[in-house]
1. If only one of 67, 72, 7 is within 26 Å of residue 187 (Cα to Cα) and modelled with pLDDT of 95 or more, which one is it?
2. Would you say residue 170 is in contact with a helix residue (DSSP H, G or I) (Cβ under 8 Å, 6 or more places away or on another chain), buried (at least 18 other Cβ atoms within 10 Å of the Cβ) and in a helix (DSSP H, G or I)?
3. Can you tell me which residue in region 154-167 is modelled with the highest pLDDT, limited to those that are in a loop (DSSP other than H, G, I, E, B) and over 16 Å from residue 221 (Cα atoms)?
4. On the given criteria, is residue 114 in a helix (DSSP H, G or I), buried (at least 24 other Cβ atoms within 10 Å of the Cβ) and at pLDDT 95 or above?
5. Taking region 103-129 as the region of interest, how many residues are over 25 Å from residue 255 (Cβ atoms) and either in contact with a strand residue (DSSP E or B) (Cβ under 8 Å, 6 or more places away or on another chain) or without any contact (Cβ under 8 Å) to a residue 60 or more places away in the chain (or both)?
6. Within region 188-212, track down each residue that is buried (at least 18 other Cβ atoms within 10 Å of the Cβ) and either over 21 Å from residue 30 (Cα atoms) or at pLDDT below 95 (or both).
7. Go through region 40-59 residue by residue and tally those that are in contact with a helix residue (DSSP H, G or I) (Cβ under 7 Å, 6 or more places away or on another chain) and in contact (Cβ under 8 Å) with a residue 40 or more places away in the chain.
8. Among the listed residues 185, 224, which satisfies the condition of being outside any strand (DSSP E or B), surrounded by fewer than 24 Cβ atoms within 10 Å (Cβ to Cβ) and either touching a residue at least 12 places away in the same chain (Cβ under 8 Å) or in contact with a helix residue (DSSP H, G or I) (Cβ under 9 Å, 6 or more places away or on another chain) (or both)?
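The values are calculated or read from the model by the stated rules, or taken from the named source; none is laboratory data. Just so you know, these numbers come straight off a predicted model, no measurement behind them. Backbone-built Cβ (ideal geometry, glycine too); neighbour counts: all protein chains shown.
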């Protein structure tokens, strides 16, 4: 198994794999580029199973959404939610850069983290439950989760610095060629919009394209805030970018007709 695949699976999932033999910028960049593919596989399996159960069984969309979010959280070891909480505490503190980074590194969770994680989870579950009830849950989940991982890829493109000299952020920051990161973003935007449009009509395709674009912009916005306030990205910031992009996609898919 290539080192990049080992690093991607070991970092983004709870699946046990041998540690990579070496980790350098090339391996880290390839691992980040593999991340959206892993997200596609996991979200597709979870989404299909939950949608089928909602369609044929007594389970409603709300319970299905809770189970889908719980399954994905378990598969990723809650890595992205942990990053969201720590990033919210750091940015919400209003402290200077060094102090804000120290807050993010603490093992506890503060009030900003609690509030933001709670609201994001509620929004994800509420939006996904409505999409499951309409039969669009599986596809919507895949689109949203992959956008979240593409958001990480964009945050790791060359030119975006690491906030610290150590940690996950330092290992992957600037490791992805800009063209590769933007190709992932443009490719997923086009694929999602065209696929949904062909299956469900132009309005649905446009709504999906808008949702993907909105999620990508939300992730880019949070990355820019982290660079300005923290000096760059950290592992926590990457997790926060993924969650913010994901929930943005789901909310827009519910809000827009299609």
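1. The conditions single out 72.
2. no
3. The selected residue is 158.
4. Working: in a helix (DSSP H, G or I): yes; buried (at least 24 other Cβ atoms within 10 Å of the Cβ): no; at pLDDT 95 or above: yes.
For residue 114, the condition - in a helix (DSSP H, G or I), buried (at least 24 other Cβ atoms within 10 Å of the Cβ) and at pLDDT 95 or above - is not met.
5. Quick first cut of region 103-129, residues over 25 Å from residue 255 (Cβ atoms) only: 103-114.
Keeping just the survivors that are either in contact with a strand residue (DSSP E or B) (Cβ under 8 Å, 6 or more places away or on another chain) or without any contact (Cβ under 8 Å) to a residue 60 or more places away in the chain (or both) gives 103, 105-114.
Within region 103-129, residues that are over 25 Å from residue 255 (Cβ atoms) and either in contact with a strand residue (DSSP E or B) (Cβ under 8 Å, 6 or more places away or on another chain) or without any contact (Cβ under 8 Å) to a residue 60 or more places away in the chain (or both) number 11.
6. Of region 188-212, the ones buried (at least 18 other Cβ atoms within 10 Å of the Cβ) are 188-189, 192-193, 196-197, 204-205, 207-212.
Result: 192, 193, 196, 197, 204, 205, 207, 208, 209, 210, 211, 212.
7. 10
8. Numbers: 224 fails: either touching a residue at least 12 places away in the same chain (Cβ under 8 Å) or in contact with a helix residue (DSSP H, G or I) (Cβ under 9 Å, 6 or more places away or on another chain) (or both).
Just a single option satisfies the conditions, and that option is 185.
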